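The values are calculated or read from the model by the stated rules, or taken from the named source; none is laboratory data. It should be emphasised that the depicted structure is a prediction, and the values quoted were computed from it without experimental measurement. When we count neighbours, we look across all protein chains shown, and the Cβ atoms used for this are built from the backbone with ideal geometry, even at glycine.
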Amino acid sequence: MFEFQEKRRVKRFIYSKITLVILVILVVLLLNAVWKVYQKQDYTKDNLAKAAASLNSLQAREKMLSSEIERLKTADGIEGEIRAKYGLVKPGEEVIIVVDKDDDFTSSQGASKASFWEEFLGMFK
């Protein structure tokens, strides 16, 4: 009989309101901790993707700069860079500047050459 009463006392303690409240609080605290870990994992995954994209961009730039360095190591590369930056020419060469004829510019100049009286009379036509 004593064992039966002992089991009943243990059962009452386990199913008491205080024990259930304590268990609910523990579950809430554990869920909160799990949620924070999930947020950190998500943040880390985003940062990893950004770092991978940055690495790919930097590797592409490294290849481009390496090829540019190799080009500048040659005499033709040096000469081309000097010509591009400073506009230098070799002795005996001439610089030719090609200018396209701009039709809109010439037609607008012709229209503005009308005299004051022609414009005044044109308003009444």
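Quick notes on this one:
- Selection within region 1-22 - among the hydroxyl-bearing types (Ser, Thr, Tyr) and surrounded by 10 or more Cβ atoms within 10 Å (Cβ to Cβ): Ser16, Thr19
- Ile25 being surrounded by 10 or more Cβ atoms within 10 Å (Cβ to Cβ), in a helix (DSSP H, G or I), at pLDDT below 95 and β-branched (Val, Ile, Thr): no
- Residue match in region 68-75 (condition: assigned to a loop (DSSP other than H, G, I, E, B), modelled with pLDDT of 85 or more and surrounded by fewer than 10 Cβ atoms within 10 Å (Cβ to Cβ)): yes
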